[in-house]
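Everything on this sheet refers to the single structure shown next.
The values are calculated or read from the model by the stated rules, or taken from the named source; none is laboratory data. Given the structure is predicted, the values throughout are model-derived calculations rather than measurements. A quick note on method: Cβ atoms are made from the backbone with ideal geometry, for glycine too, and the neighbour counts reach across all protein chains shown. Ligands, DNA and RNA are excluded from the accessible area calculation, which covers all protein heavy atoms including side chains. Shrake-Rupley method; radii C 1.70, N 1.55, O 1.52, S 1.80 Å.
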Amino acid sequence: WVGYGNTVFYTVCGTVLNLLATLPCAYALSRRDFRPRNMVMIFFMFTMFFGGGMIPTYLNLNSLGLLNTPWVMFVPAAISVTNFIIMRNYFTHSVPGELIEAAYMEGATELQTLTKIVLPLSKSILGVLTIYYMSGHWNSYFNAMIYIRTEEKYPLQLVLKNLLSAASNIQMSDYENPE
C-alpha cells in the first residue's frame, strides 16, 4: 500500500507541476509579439535532441540535494518538450488573436487573458496533456530505480518489480538446490 500511495502522490504532484510549468511557457511562446520566441524555441528543441546523459544528471541532482527525496520523481522532468510544443501550437493556431487583442483593449492583463480567455478555450488540449503527463508519471519506475534508495519512497511499479525479482530468485534457488 505504501508503493501505491507513493505512486498516487508522484502522479498527482507531477502532473500538477507539469501543467503549471508547461502552460505559461507555451502561452508566452505562442504570442506573436514576443520577439525572441524563435530563439527560445531553438533552445527547447535542442534539449529534445541532445540530453546531458545519465551521469551528469545524477551528479546534478545530487548537488541539488534531490537524491532519495520524493521531489526527484517529478521536479527534473517539469516540462516535456514534446507536450510543450503540442500546447504551444494549439495556442498559436486555435486561439484567435483577435480575441486576445479585444481582451487587451478592455484592459485585461496577461494573466487575466491566460486564465479567463485562453484556458477556457483550451480544455481539450489540457485534458489530453493531463492524460499524457499522468500516464507518464504512473508508469515511471526507472528514475526511482536510479535516484531513490529508501524502499518507503518506492513507487508501486518498483515495488512490484522487486517482488517479481524476489519470486524469480526463489524459484531459481529451488532448481539449483533440489532436496
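Odds and ends about this structure:
- Selection count, the stretch 13-45, where residues are in contact (Cβ under 8 Å) with a residue 40 or more places away in the chain, open to solvent by 80 Å² or more (accessible area, probe 1.4 Å) and part of a helix (DSSP H, G or I): 0
- Residue check for residue 69: over 16 Å from residue 20 (Cα atoms) and not charged (D, E, K, R): yes
- Looking only at residues in the stretch 1-12 that are open to solvent by 60 Å² or more (accessible area, probe 1.4 Å) and at pLDDT below 85, the one that is nearest to residue 69 (Cα to Cα) is 2.
- For the stretch 145-153, the criterion of a residue being at pLDDT 85 or above, part of a loop (DSSP other than H, G, I, E, B), open to solvent by 40 Å² or more (accessible area, probe 1.4 Å) and not β-branched (Val, Ile, Thr) is satisfied by no position.
- Per the conditions (1) surrounded by 15 or more Cβ atoms within 10 Å (Cβ to Cβ); (2) within 16 Å of the chain's Cα centre (by Cα); (3) free of Cβ contacts under 8 Å to residues at least 12 places away in the same chain, the sole criterion not satisfied by residue 142 is (1).
- Of all the numbered requirements in (1) at pLDDT below 80; (2) open to solvent by 80 Å² or more (accessible area, probe 1.4 Å); (3) of a type in the set (A, V, I, L, M, F, W, C), residue 159 misses one, and that requirement is (2).
- Filter result (out of contact with any helix residue (DSSP H, G or I) (no Cβ under 8 Å at 6 or more places or on another chain) and more than 14 Å from residue 13 (Cα to Cα)) within the stretch 129-150: 142, 149, 150
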